[in-house]
Amino acid sequence: MPSAEVAAAVKARSEKLEQLKAEVQRLEKERNDAKGDERAKLDKQVQEARKAAETFSRTPLPIDQAYAVGEAAKIEDAFVQ
């Protein structure tokens, strides 16, 4: 994958993550200012927003990655075919 595409994917992901975190902070501020039933409703929204942000942050980038494991008597470089 070309480095320009990787950079674009990383940038888009970080922007989306920042948006989700900003939404969590906004909801937390509203919740802290609210009282009664409205506070309970906002508390649930905060939990959902946190879960969405956490789920998104755990989602891997759509970039091809190589991972290999081999068993050998000693540690050495592996050749990629």
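The values are calculated or read from the model by the stated rules, or taken from the named source; none is laboratory data. Everything quoted here is computed from the prediction, not taken from an experiment. FYI the Cβ positions are ideal-geometry reconstructions off the backbone, even for glycines, and counts take in every protein chain you see. Accessible surface is based on the protein model in full, side chains and every heavy atom, while ligands, DNA and RNA are left aside. Shrake-Rupley method; radii C 1.70, N 1.55, O 1.52, S 1.80 Å.
Find all pairs meeting these conditions: Cβ atoms under 6 angstrom apart; at least six residues apart or on different chains; first residue within the range 1-25 and in a loop (DSSP other than H, G, I, E, B); second residue modelled with pLDDT under 95 and of a type outside the set (Asp, Glu).
MET1/ILE63
Go through the range 49-59 and give me each residue that's farther than 11 Å from LEU20 by Cα and part of a helix (DSSP H, G or I).
Let us first name the residues in the range 49-59 that are farther than 11 Å from LEU20 by Cα, namely 58-59.
Within the range 49-59, ARG58 is the sole residue that qualifies.
Determine whether GLU48 is at pLDDT 95 or above, of a type outside the set (Lys, Arg) and open to solvent by 70 Å² or more (accessible area, probe 1.4 Å).
Working: at pLDDT 95 or above: yes; of a type outside the set (Lys, Arg): yes; open to solvent by 70 Å² or more (accessible area, probe 1.4 Å): yes.
It is true that GLU48 is at pLDDT 95 or above, of a type outside the set (Lys, Arg) and open to solvent by 70 Å² or more (accessible area, probe 1.4 Å).
Would you please name the residue that is farthest from PRO62 (Cα to Cα), looking only at residues in the range 9-33 that are among the small types (Gly, Ala, Ser) and at pLDDT 90 or above? Can you show your working first?
Step one: of the range 9-33, the residues among the small types (Gly, Ala, Ser) are 9, 12, 14, 22.
Retained after the next criterion (residues that are at pLDDT 90 or above): 12, 14, 22.
On the way: ALA12: 11, SER14: 13, ALA22: 23 Å.
Taking the candidates together, the pick is ALA22.
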